[in-house]
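The values are calculated or read from the model by the stated rules, or taken from the named source; none is laboratory data. As the structure is a prediction and not an experimental result, all values here were calculated from the model. In this analysis, Cβ positions are derived from the backbone assuming ideal geometry, glycine residues included, and neighbour counts consider all displayed protein chains. For the accessible areas, the whole protein counts, side chains as well, though only heavy atoms, and no ligand, DNA or RNA atoms are used. Shrake-Rupley method; radii C 1.70, N 1.55, O 1.52, S 1.80 Å.
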Amino acid sequence: MLQMSDAERQARIDLAACYRLAAHYKMTDLIYTHITARVPGEEGHFLINPYGWRWEEITASSLVKIDVDGNKVCSSPEPVNPAGFTIHSAIHGASHAAAWVMHTHSRAGIAVSSMEQGLETRLNQIALQFHERVSYHDYEGIALDLAERERLVASLGDNPALVLRNHGLLTTGASAAEMFNNMFYLERACELQVAAQSTGQPLRLVPEETARHVARQYDQTIHEDGDLELEWAAHLRTLEALDPSYRD
């Protein structure tokens, strides 16, 4: 039986919830891509999914504890994908605020990442959440080269969202709720952009001044007015109704 602190146990439950929610909202790529979290109180230790498991199968106890190089630090019969941790280790290692990192290969996310313009943040109210808060990183190949980590960090900067060009999406957060909120709405923004562009009609963009105003409103609503906690609680109620075994 796994021995762990109460803080680690809660982190495992929250991370398993993120995997199950991503599966529910169809943001998966079979067994590929990852969501990772720092282990509270353990410098250089992280939690990651067992390689080969579908995201709807993930449970709190199945998550594997690894170090910054993707090596297991606790006994586990499950394999891990060190190469898959390359992107995550770069972000975790560079920013203390990025305790949680989520990377996806969704259809809409890859579609927008393949567009020269990237995400048009002035297209609609949901996209405005990311106005001046999304970064870009040029494609360098499958993320196996450790030297790319510094460039990833430089590309992300202080933003909570990163479009990996020709590849997919990445979001960060100080908590599971913040990271998942960022990805949930970044994915929605991409879906809406693809839908709007598919009509072939001219796109009407929000004026720059209004866009900046709405971005500030989002920041206050999410981080000061408590909406983030309300949203996360709603997501967890969805999981409890579907299948509470993620907590196991």
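Considering only protein heavy atoms, what per residue accessible area in square angstrom results for the range 160-205 with a 1.4 angstrom probe? Working shown, then result.
Values: 1760 Å² over 46 residues.
I get 38 Å² per residue for the range 160-205.
Its relative contact order, with pairs defined as Cα atoms under 8 Å and 6+ residues apart, puts the chain at 21 percent. Legend: residues TYR19, TYR185, sorted from most to least accessible area (1.4 Å probe; ligands, DNA and RNA excluded), read TYR185, TYR19.
May I ask you to give the average projected area over all directions of the convex hull of the Cα atoms of the range 102-248, in nm² rounded to one decimal?
Numbers: hull surface 42.4 nm².
Seen from a random direction, the Cα hull of the range 102-248 projects 10.6 nm² on average.
Of the residues LEU203, LEU239, ranked by 1.4 Å probe accessible area with the largest first, the sequence reads LEU203, LEU239. For the range 1-151, the Stokes-Einstein estimate of translational diffusion at 37 °C and a viscosity of 0.692 mPa s comes to 199 µm²/s, using the Kirkwood hydrodynamic radius over alpha-carbon pairs. For the pair HIS96 and TYR136 in one chain, pulling the backbone fully straight at 0.36 nm per residue adds 12.4 nm over the alpha carbon distance.
The order of THR199, THR171 by accessible area, most exposed first and with a 1.4 Å probe, is THR199, THR171.
Longest exposed-loop-site-free stretch of the chain, with GluC sites (Glu not before Pro), DSSP loop and at most 13 other Cβ within 10 Å? Maximal segment without exposed cleavage sites: 133-223.
Restricting the chymotrypsin sites (Phe, Trp or Tyr not before Pro) of the range 123-162 to loop positions (DSSP other than H, G, I, E, B) with no more than 16 neighbouring Cβ atoms within 10 Å leaves TYR139.
Spin-label model, ARG216 to SER76: label points 7 Å out along the Cα-to-beta-carbon direction sit 4.4 nm apart.
For the pair LEU230 and GLU56, a Förster radius of 25 Å applied to the C-beta separation gives a FRET efficiency near 0.50, rounded to the nearest 0.05.
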